[in-house]
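Only the coordinates and a few stated rules stand behind these numbers; no lab work does. Only a predicted model underlies this, so the values are computations on that prediction, with no experimental measurement involved. Because the Cβ atoms are built from the backbone with ideal geometry, glycine has one as well, and the counts that use them run over all protein chains shown.
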Amino acid sequence: MKRTAIDIAHLRSTAEEAVHDMKDGDMKVKAFEVVLKHLLESGAPSAPSSTKKAINKAAKTTRKQDGPTARIADLIETGIFDKPCALGIVHAALRDLGHLYPLSTVSVTLLRLARDKKLRRVREGGKYLYAKW
């Protein structure tokens, strides 16, 4: 039976629980190894699906916090949007911070933030400017 990393982590924690009350030392390590080997070989039940769902949800949440929306939210906190600024300025600010996103990605992200009322979008002289709401 092929096991996932989540299953193996669950089995490891089960083995740790089995030896947690033993005195630290070589005997505890050996007991842990024996219990874990037994669990792996016996086809012990995998992690409950609720555990897998929680880990997957946490992973998805983490991924979202590293994207362009989070980076622009960081820029909002720095005060760059206190005065209206153009797309190019936001793109350059992200690039200066080491976040290299295509101009189209930054544009779409700014539009979504404006629709979510986290930024204000105004048209001025044929281009859009973005400022704090």
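In a shell of Cβ-Cβ distance under 10 Å around Ile80, excluding Ile80 itself, what net charge do Lys and Arg (+1) and Asp and Glu (-1) give? Mind dumping the intermediate values first?
Values: positive: Lys83, Lys132; negative: Asp74, Glu77, Asp82.
Neighbour charge sum, excluding Ile80 itself: -1.
Taking the Cβ-Cβ separation of His20 and Val108 as r and a Förster radius of 41 Å, what is the calculated FRET efficiency to the nearest 0.05?
0.25
Please report the net charge: other residues with Cβ closer than 13 Å to the Cβ of Val108, K and R +1, D and E -1. Working shown, then result.
Numbers: positive: Arg112, Arg115, Arg121; negative: Asp116.
Once all neighbours under 13 Å are counted, the net charge is +2.
Contact order normalised by length for region 65-132, with contacts defined as Cα pairs under 8 Å and 6 or more residues apart; what percent is it?
Working: 66 pairs, mean separation 26.2, N = 68.
It rounds to 39 percent for region 65-132.
How much net charge surrounds Tyr128 when only other residues with a Cβ under 11 Å from its Cβ are counted (Lys, Arg +1; Asp, Glu -1)? Write out the running numbers ahead of the final one.
Numbers: positive: Arg120, Arg121, Arg123, Lys127; negative: Glu124.
Within the 11 Å Cβ shell, the charges total +3.
Once the convex hull of the C-alpha atoms of region 65-132 is built, how many Å³ does it hold per residue, rounded to a whole number?
Details: hull volume 5.3 nm³, N = 68.
Convex hull of Cα atoms, per residue: 78 Å³.
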